Structure formats: structure tokens, C-alpha cells
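Have a look at the structure below, then the notes.
The values are calculated or read from the model by the stated rules, or taken from the named source; none is laboratory data. Please read all numbers here as calculations on a predicted model, not as lab measurements. FYI the Cβ positions are ideal-geometry reconstructions off the backbone, even for glycines, and counts take in every protein chain you see. Each accessible area value is taken on the protein alone, full model and side chains, heavy atoms only, with ligands, DNA and RNA left out. Shrake-Rupley method; radii C 1.70, N 1.55, O 1.52, S 1.80 Å.
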Amino acid sequence: FWTEAGTTGQVKDRALLNGNDTRMIASIAATGFGLTGLCIGDARAFGKKADIVERVRWTLRFLWQKLPHQHGFYYHFIDANSGERQWKCEISSIDTSLLLCGVLTAREHFADAEIQDLATKIYERVDWPWMLNSGPTFSMGWHPESGFLDARWSHYCELMMIYLLALGSPTHPVPADTWKAWARTTVTFDGITYISGHDPLFTHQYSQAWFDFRGKRDDYADYFENSARATKAHKAFCLSLRGEFPDYSDSLWGITASDSAAGYQAWGGPPRLGKLDGSVVPCATGGSLPFLFSDCMLVQRTMRERYSKAWGRYGFADAFNPLTNWYNPDVLGIDLGITMLMAENQRTEFVWNTFMKNKDAQRGMERAGFHSESRKG
């Protein structure tokens, strides 16, 4: 996250596992993970504090002053050096939210007046009601050529951060009832029942990288425990596939949206999603470390010890297939990012503790009706 960034501080969407990548497409979501990574790097003294602080400053300066936006929301993919929109992509509600989580983490971590001022301006500029587009739930995005996307954030997935950031906004909040507007359907697998959409495992991880749901619940669920159950069910699902994919075992499992030998796949389960082929995706267990630590850590250690080609300068490759000897040459910013943040939360709770100092994050959870588990009766 330090090396694979443009002159604007925006972090590349993907890069080669061992660096020296010339591609310059950044994603604002990767930048959100990257800003949080800079906080972790500073806390762990991985670099000179003055250099890290200056990187955060000019990243935020570009976001506030120069990066094109609509009502405070940003384009999903941009040129890492110029900030220009790429691939005619959408203005993205979820990717802007991932970025904002990093922005707000930096605001709390760094005792720097410019960082705090810029982060506040970036967050408070976002016009959340605009992205509702007169509906009860948020649109997934907006195109300048065609307007709002028809798809909405209407069922449980990684969406919680969007709603909580919007509820907590001191300048452009949405009604508290929007928290109740999205569906919470359940899935049952191997005797484990939990709230989930028909989505990959990462949907149970992303909001929880920053928002601390431990020991809390709303009117519907304890979402931390829900993610723990989803992780247990996913492990059981992977083990149920051993007849097809004999590489899967107690020490090697985990599939979530990632690259594959046949291109990017939004795969996983339960229920079965995509054209599964025996691939293993390291961020499936890496991003779930706080939910099922011993089981997930066993997989992380197994991959590191037995599959040397899956490991490089930037950690684990995005995916690999032990059955075909295919190893992805790339890493993805969001997949490395969720592993980095959840590993740090498991070790020190740093990201949770830092992000949750935000009064706006606290206000969002209060307006959504969260309270400590001890009060649920």
C-alpha cells in the first residue's frame, strides 16, 4: 500500500505479486484500505512518521481538491496519477464508503490539524440522501451517461457501512428508518443458520473491518456472531466439496470473490456460487481471522508453509489452485486490504479502536438502534 500508489496517493486496484507493476489503475476502495494501512504502519513504526503523515496529507488533499466527484461520491476506478475516470465506471456508493472508512480512521489516528480538517471536509461533503434517489435504499451508483443504477443495496451484504456512515453524517444524514429498509434473509447450511444474501464470504467481512459490532446488536442480530456463523458454514461448505476438489481439508479451504484462471469470479458458498474449480482464495480466511481464529489461522499457516508460489513480496497471491498448479500473478488491493485490517484487529484491535473513536460512527450505530448485548433482554 506504500509502494503501489500513484503520485496522488491513490492506491492501485491490482499489482504484480512481487512488485514492479506498470499498470496505473487505482480504485478508491483500495485507497480506503491503504489509508488504514498507513495508520497501521505508523502505529507499528514501519516507516518514518514524517513520511507517512505527509503521504496521508497529500492523499487527502487530492481527494478534497482535485478528484472528480458527484455530491461527494467518487468514481470506482481512476488513473492513479491524474485521477481521471477509467473504463466509463460508475460513481460508486460502496467504494466511496470504503474510502471514507479509511479517511475517518486517518482522522482519528493522526494528531495533525490538516489531516483532521481535510478528512472532515471529505466526509461531510457527501450528500447521502442524493444516493437514495427517492427510494428507501441506496442506489449502487450513478453514471453521468445514464443516471442512477437500477440495482440497490437492498439485502444484507457488505452494505452496513454505507448506511451507518449515512446515518452518522452531521451534514447530510438519512432517516433512521433506512436501517430497517434492507432485507435480512437467512441461510441454513450444515445446521448453521445466519443472515446472508446469495453472496461471497467477503460480504460478511468488509463493514466489520472498521465498525466494531462485538458485544452489540440491533433489533435484528448480533452481526459479529452472525459473521462467525457464516465463516463456520463456509468452512463446512468447502469441506463438503472434497469429493470434487480433494485439495480442500481442515487446513486448506476458503473461497470468496477473486481472480481465477478463467478471470475474475464472484464465487463461493453456501449456496454454491460460480464455476468452482478447487481454487483457494487466501483473503477468505485472512479476512475472517477475528471470527474463527484458530481455523482460519491454520489455513494461513498451511498456505505459507506448503505453497511457496502463493507467497511473494506483497503476501499471498490473490488466488491459487493446488489441483492445476495455477498461481495468480497478481494481488488485489481490496483483498490484501481486508486481510491486513482483520489481522491487525485480531492482534491488537487497532483498527476497531481507532475508527470507533469517531463520534460520527458512534452516532450512526446509535441511530441504527445498536446497544450492548446485556440490554437485549
Eligible lysines near K235 by straight Cα distance, threshold 16 Å, same-chain separation 8 or greater: none
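About the Cα centre, and with charges only on the beta carbon of Lys, Arg (+1) and Asp, Glu (-1), how big is the dipole of segment 12-63? Nearest 20 debye, please.
Approximately 60 debye in magnitude.
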Two-decimal Rg/Rh across segment 182-223, once Rg and the Kirkwood Rh are taken from alpha-carbon atoms: 0.96
Förster-model FRET efficiency, 25 Å R0, E145 and N81, C-beta, rounded to 0.05: 0.55
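Can you tell me, using C-alpha contacts under 8 Å and at least 6 residues apart, the relative contact order of the chain as a whole percent?
Normalised by residue count, the contact order of the chain is 18 percent.
Could you give the length gained on full extension between T324 and T7, defined as 0.36 nm per residue of separation minus the Cα-Cα distance, in nm?
On the way: separation 317, 0.36 × 317 = 114.12 nm, distance 3.85 nm.
Difference between extended and current length: 110.3 nm.
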Of K49/K357; K49/K121; K66/K121; K12/K357, those spanning more than 19 Å from alpha-carbon to alpha-carbon: K49/K357; K49/K121; K12/K357
Alpha carbon centroid spacing (whole Å) that separates segment 178-223 from segment 273-287: 20 Å
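Averaged over every viewing direction, what's the projected area of the C-alpha convex hull for segment 198-260? Give it in nm², one decimal, please.
5.6 nm²
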Accessible carbon and sulfur surface of the chain relative to its total accessible area, %, 1.4 Å: 50 percent
Highest to lowest packing among 61-68, 121-128, 330-337, 15-22, scored as the average C-beta count within 10 Å: 330-337, 121-128, 61-68, 15-22
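For segment 263-322, compute Rh as the Kirkwood radius over C-alpha pairs and then the Stokes-Einstein diffusion coefficient at 4 °C and 1.567 mPa s; write the answer in µm²/s, rounded to an integer. It would help to have the intermediate numbers written out before the result.
Numbers: Rh = 12.4 Å.
Roughly 105 µm²/s, to the nearest whole number.
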Three-way shape label, segment 1-152, alpha-carbon gyration tensor, a/c 1.5: oblate
Per residue solvent-accessible surface (Å²) - the chain, probe of 1.4 Å: 38 Å²
Semi-axes of the equivalent ellipsoid for segment 63-127, Cα gyration tensor, largest first, Å: 22, 12, 10
Cβ charges +1 (Lys, Arg) and -1 (Asp, Glu), total dipole of the chain, debye: 440 debye
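If R0 is 35 Å, what FRET efficiency do you get for K275 and A183 from their C-beta distance, rounded to 0.05?
So, using R0 = 35 Å, E works out to roughly 0.85.
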Dipole of segment 17-78 [Lys/Arg +1, Asp/Glu -1 at C-beta], most positive-end residue of T22, G37, G47: G47
Rg(Cα)/(2.2 N^0.38 Å) for the chain, N = residue count: 0.94
Mean Kyte hydropathy of 0.0 or more with a Cα span along the axis of at least 15 Å, helices from DSSP in the chain: 28-43, 93-109, 333-348
Bridge type composition, the chain - antiparallel percent by DSSP, nearest 5: 95 percent
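According to the Kirkwood expression over distinct Cα-Cα pairs, how big is the hydrodynamic radius of segment 103-240, in Å?
16.8 Å
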